Amino acid sequence: MSDEKFTTDIITLTRHVLDEQRKHKEASGDLSILLNAIQLGCKFVATNVRKARLLNLIGLAGGAQNFSGEEQKKLDVISNDIFINALRSSGKVSVMVSEENDEAIFVEEGLRGKYCVVFDPLDGSSNIDAGVNVGTIFGIYRVLKDSVGSVSDVLRPGREMVVAGYCMYGSSANMVISLGDGVNGYTLDNSIGEFILTHPNIQIPPRGKIYSVNEGNAKYWDEACTEYFHSLKFPPEGKSPYSARYIGSMVADVHRTLLYGGIFSYPSDKKSKNGKLRMLYECFPMAFLVEQAGGRATTGTKRVLDVIPESIHSRCPIFLGSKDDVEDVEKIFHKYNK
Ligand code: P6P
């Protein structure tokens, strides 16, 4: 008989959010309802990512016909529609920004709520074909006072977010989320359709031994970036080099960094002066989570969460991870950017 104690007191994400809600007497329960809508989207995506190759859902935009003859869409487009519909029908959202939509989405009167949600419904979707982990990334702002929903509600620094999280789709679906009071991880139990608390109070190690960056861009890096990564690969005598790990799917690379420590980066370079990753629904949520777990996130010269986006798809360079590793980045960048 396994000595594993069978628990009948399972902590689901929904229960955890309600516990959080009870801590705030003024809480209306709106955020709990909103997070349930996000959970629905993640459960849908989890199911369909796992079946994608079987259902031939991958890479079929443009002309492919499904068995009923209608236009078949790529999984990330379908996932986007699922999230938009779930968020709109929750009645708790006024503004949405999605990686899949050029313009912000403003919810009609009667269904507007006090939150704005920025999200990438299926980040890294090009990796699905190769069976690599992909994920949904989301951040939540409260609408500005007296606002009925406008772009100004989301062109704000990431530090003003109230919730940030991601759901990674791999061998299981792992939801990692912060409501501003630490970071917790949940694993989807497909048999009951609930996210179960499996990683309470995630804390990132103060220093790691792994660096994660696309070295294929090294020829385009600036001097500070080049010097920093060189210092990890060729440390002083008596110190071991860091190991290199790069999956090319932000959710997977950040998840590993959060649990094991070290540094993940998508720096700016001569090809992309602001880097590749988008502030609102990639950099800000991940920076929020890492800071809540005791780590840090910098552009090289500035705290990521203090950057103000000029437009909803603005990008920024990012180095995130263990606080001592991020401090090393800033020391070198400070030398070159006085
Ligand atoms: P590169 C995936 O396309 C993505 O948006 C992130 O998930 C990932 O971190 C990055 O791009 C990878 O970009 O240029 O290294 O392939």
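The values are calculated or read from the model by the stated rules, or taken from the named source; none is laboratory data. These figures come from a predicted structure and were not determined experimentally. Please note: Cβ atoms are built from the backbone with ideal geometry, for glycine as well, and neighbour counts cover all protein chains shown. Ligands, DNA and RNA are excluded from the accessible area calculation, which covers all protein heavy atoms including side chains. Shrake-Rupley method; radii C 1.70, N 1.55, O 1.52, S 1.80 Å.
Which of Gly193, Gly216, Gly135 ends up with the largest GNM mean-square fluctuation for the chain, with Cα atoms connected below 10 Å?
The residue with the greatest mean-square fluctuation here is Gly216.
Using only the alpha-carbon atoms of the range 77-124 as identical scatterers, what base-10 log of I(q)/I(0) does the Debye formula give at q = 0.16, 0.23 Å⁻¹?
Result of the Debye calculation: -0.38, -0.75.
In the range 83-226, if every C-alpha pair distance is counted and binned at 5 Å from zero, what percent goes to each bin?
Per 5 Å bin, starting at 0, the Cα pair percentages come out as 2, 8, 13, 15, 18, 16, 14, 8, 4, 1, 0.
For the chain, what does -39500 (n - 2.57) per DSSP helix run (n ≥ 4), summed and divided by total residues, give at 222 nm, in deg cm²/dmol to the nearest 500?
-9500 deg cm²/dmol
Sequence gap at least 6, Cα distance under 8 Å: using those rules, report the relative contact order of the range 205-258 to the nearest whole percent.
47 percent
How much solvent-accessible surface does Thr187 expose, in Å² to the nearest 10, with a 1.4 Å probe and all protein chains in place?
30 Å²
How much of the calculated P(r) for the range 146-284 lies past 27 Å, in percent of all Cα pairs?
Of all Cα-Cα pairs in the range 146-284, 35 percent lie more than 27 Å apart.
What does the charge count near Gly113 come to, summing +1 for each Lys or Arg and -1 for each Asp or Glu among other residues with Cβ under 14 Å from its Cβ?
Summing Lys/Arg as +1 and Asp/Glu as -1 gives +1.
Can you list the HN-Hα couplings for the range 7-21, worked out from phi with the Karplus curve (6.51, -1.76, 1.60; θ = phi - 60°), rounded to whole Hz and with x for Gly and Pro?
Values per residue, Gly and Pro as x: 9, 10, 10, 6, 9, 8, 4, 4, 5, 5, 5, 5, 4, 4, 4 Hz.
Can you find, among Val134, Ser178, Ser191, the residue sitting farthest towards the positive end of the charge dipole of the range 69-192, where Lys and Arg contribute +1 and Asp and Glu -1 at Cβ?
Ser178
If a cysteine in the chain has no other Cys Cβ under 4.7 Å from its own Cβ, put it on the list, ordered by number.
Cys116, Cys225, Cys283, Cys316
Between Asp102, Asp81, Asp324, which gets the highest mean-square fluctuation from a Gaussian network model of the chain, Cα cutoff 10 Å?
Per the Cα network of the chain with a 10 Å cutoff, Asp102 tops the list.
Leaving ligands, DNA and RNA out of it, work out the accessible area of Met279 with a 1.4 Å probe and give it in Å² to the nearest 10.
Near enough 10 Å² of accessible area.
Cross-link partners among lysines for Lys43, C-alpha distance below 28 Å, same-chain residues fewer than 8 apart left out?
In chain and number order, the partners are Lys5, Lys23, Lys51, Lys73, Lys74, Lys92, Lys114, Lys276.
What Kirkwood radius, in Å to one decimal, follows from the Cα pairs of the chain?
Radius from the Kirkwood sum: 20.8 Å.
Leaving ligands, DNA and RNA out of it, work out the accessible area of Arg207 with a 1.4 Å probe and give it in Å² to the nearest 10.
Arg207 has an accessible surface of roughly 110 Å² with all protein chains in place.
Straight-line reach only, C-alpha to C-alpha below 26 angstrom: list the lysines that Lys271 could link to, leaving out same-chain residues fewer than 8 apart.
Cross-link targets: Lys219, Lys233, Lys302, Lys331, Lys335, Lys338.
Could you sort Lys43, Lys271 by accessible area so the largest value comes first, with the probe set to 1.4 Å?
Final ranking, largest accessible area leading: Lys271, Lys43.
Leaving ligands and nucleic acids out of the surface, order His16, His230 by accessible area at 1.4 Å, largest first.
From most accessible down to least: His230, His16.
In percent, how large is the relative contact order of the chain, given Cα pairs closer than 8 Å and 6 or more residues apart?
Across the chain, relative contact order equals 15 percent.
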